[in-house]
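Data first, discussion second: the structure below is written as structure tokens.
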Amino acid sequence: MFLTRLIYASTIGEHFSQHTIEDILETARHNNVKHNITGVLCFNCSYFLQCLEGPRADVNETYKRILNDDRHHNIVMLDYREIDSREFSDWTMGYIPSSTISIPINLKFSEASEFNPYAMSGASAYMMLLELKHSVPTL
Ligand SMILES: Cc1cc2nc3c(=O)[nH]c(=O)nc-3n(C[C@H](O)[C@H](O)[C@H](O)COP(=O)(O)O)c2cc1C
């Protein structure tokens, strides 16, 4: 089965709390190990940016569940492609909090200084995630 990478942006739902993000990460990590999915989830007070990589069918199935999750909305796919190797193989689902996303990093990869994944191309989003990967410890 071909390795596939999917990147999407979404907006957090109402009643979102720190517990919600902890629940999401716990479920994601538990499920992703079973399906050989790796990746990273970036989050600030408004938006998510997530990269999933793994076998094509598993990435598709996982994304289908994510699309139906009412803890976020306005889900927009930024990139979907076959890949030769993973970039986040150490992370069942790495978490990058907003404090890691500095103004210079936002300016480098998007048009503005605030984190807004909708204003980024798929390529820019991917490059930003690669850069952020080096600034957080492996989980
Ligand atoms: C922003 C966000 C990211 C998520 N990431 C994942 C993920 O990487 N893997 C996963 O299995 N579920 C993820 N989920 C949870 C799914 O939407 C869904 O609740 C879960 O897969 C259901 O799992 P269950 O059938 O084992 O209860 C995410 C949800 C949100 C809101």
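The values are calculated or read from the model by the stated rules, or taken from the named source; none is laboratory data. Note that this is a predicted model, so its numbers are computed, not measured. Positions of Cβ are generated from backbone atoms using ideal geometry, with glycine treated the same way; all protein chains shown enter the neighbour counts.
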* Asked: Across segment 34-50, which residue is nearest to I96 (Cα to Cα) among those that are more than 7 Å from the ligand (Cβ to nearest atom) and assigned to a strand (DSSP E or B)?
  -> C42
* Asked: Within segment 36-52, is even one residue surrounded by fewer than 16 Cβ atoms within 10 Å (Cβ to Cβ) and closer than 19 Å to V76 by Cα?
  -> yes
* Starting from segment 9-28, keep only residues that are within 8 Å of the ligand (Cβ to nearest atom), then list their pairs with residues that are among the β-branched types (V, I, T) whose Cβ atoms are within a distance under 7 Å, requiring at least 6 positions of separation or different chains. => S10/I75
* Look at I101 and say whether it is within 17 Å of L129 (Cβ to Cβ), more than 13 Å from the ligand (Cβ to nearest atom) and touching a helix residue (DSSP H, G or I) at 6+ places or on another chain (Cβ under 9 Å). => yes
* Structure fact -> Restricted to segment 7-35 and to residues being closer than 17 Å to H72 by Cα and of a type in the set (A, V, I, L, M, F, W, C), the residue modelled with the lowest pLDDT is F16
* Could you grab the pairs with beta carbons closer than 9 Å, sequence gap of 6+ or different chains, first residue in segment 71-87 and on the phi > 0 side of the Ramachandran plot, second one in a loop (DSSP other than H, G, I, E, B) and surrounded by 12 or more Cβ atoms within 10 Å (Cβ to Cβ)? => none
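Do we have N31 as farther than 25 Å from H19 by Cβ, within 12 Å of the ligand (Cβ to nearest atom) and either without any contact (Cβ under 8 Å) to a residue 40 or more places away in the chain or of a type in the set (D, E, K, R) (or both) here? Write out each step before concluding.
On the way: farther than 25 Å from H19 by Cβ: no; within 12 Å of the ligand (Cβ to nearest atom): yes; either without any contact (Cβ under 8 Å) to a residue 40 or more places away in the chain or of a type in the set (D, E, K, R) (or both): yes.
It is false that N31 is farther than 25 Å from H19 by Cβ, within 12 Å of the ligand (Cβ to nearest atom) and either without any contact (Cβ under 8 Å) to a residue 40 or more places away in the chain or of a type in the set (D, E, K, R) (or both).
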